[in-house]
Amino acid sequence: MESSAGIIFDLIECLIQRDFAYATGDIRRAYSLVKEAILDPECDKVVLLLHSQGGIEGGLVMDWLLDELPHNLLHHLEVYTFGNAANHFNNPRWTTLARPN
C-alpha cells in the first residue's frame, strides 16, 4: 500500500474507490499479486485479510477475479473482512457436485 497523504486525501480516495469503483494503483497491484498466487500450481491457499479501506479495495479485486477466473481456481481463495468500508462485496455462489448414491 502506498503511504498516506493525510486523512483528508485518504477519505477522498476511499469515497472515489467506493462510489465510482475506481481502481487505484494499489488495487491493480493487489489484483495482479492475488491472481498470480491463485494461478500458481504450488500454492494451495491464498488468504486475504481486509480491514476498512482494504475492504473497498479487496471488493474491487474480487470483482475482477470473479470476472476472469473459473470457480475451481477461486476455491483456493479465502477472504476475511472486518471493519469493511465497502458498499458491496461479491461472493460467488458455491455449489457442490451431486454425489452418486
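Select from the stretch 37-81 the residues that are among the acidic types (D, E) and out of contact with any helix residue (DSSP H, G or I) (no Cβ under 6 Å at 6 or more places or on another chain) and list them in ascending order. Even if it seems obvious, please write down each step before you answer.
Going residue by residue through the stretch 37-81, those that are among the acidic types (D, E) are 40, 42, 44, 57, 63, 67-68, 78.
Correct list: D40, E42, D44, D63, D67, E68, E78.
What are the residues in the stretch 9-54 that are open to solvent by less than 50 Å² (accessible area, probe 1.4 Å) and more than 16 Å from F89 (Cβ to Cβ), if any?
Step one: filter the stretch 9-54 for residues open to solvent by less than 50 Å² (accessible area, probe 1.4 Å), giving 10, 13-14, 17, 23-27, 30-31, 34, 37-38, 43, 46, 48, 50, 52-54.
Across the stretch 9-54, the qualifying residues are D10, E13, T24, G25, D26, A37, I38, C43, V46.
Pairs are defined by a Cβ separation below 7 Å, a sequence spacing of at least 6 or placement on different chains, a first member in the stretch 1-21 that is of a type in the set (A, V, I, L, M), and a second member that is open to solvent by less than 90 Å² (accessible area, probe 1.4 Å); the pairs so defined are M1/D26; A21/L60.
When the residues of the stretch 46-96 are filtered to those that are in contact with an Asp or Glu (Cβ under 8 Å, 6 or more places away or on another chain) and free of Cβ contacts under 8 Å to residues at least 60 places away in the same chain, which remaining residue is nearest to L11 (Cα to Cα)? Break it down stepwise before answering.
At the first step, the residues of the stretch 46-96 found to be in contact with an Asp or Glu (Cβ under 8 Å, 6 or more places away or on another chain) are 46-48, 50, 53, 57, 76, 87, 90.
Those still in the list that are free of Cβ contacts under 8 Å to residues at least 60 places away in the same chain too: 46-48, 50, 53, 57, 76, 90.
Working: V46: 29, V47: 26, L48: 22, L50: 17, Q53: 9, E57: 13, H76: 32, N90: 23 Å.
It comes out as Q53.
The values are calculated or read from the model by the stated rules, or taken from the named source; none is laboratory data. Predicted model only: the values in this text are computed from it and were never measured. Ideal geometry is used to build each Cβ from the backbone, glycine not excepted, and the neighbour counts take in all protein chains shown. Only protein heavy atoms, including side chains, enter the accessible area calculation; ligands, DNA and RNA are left aside. Shrake-Rupley method; radii C 1.70, N 1.55, O 1.52, S 1.80 Å.
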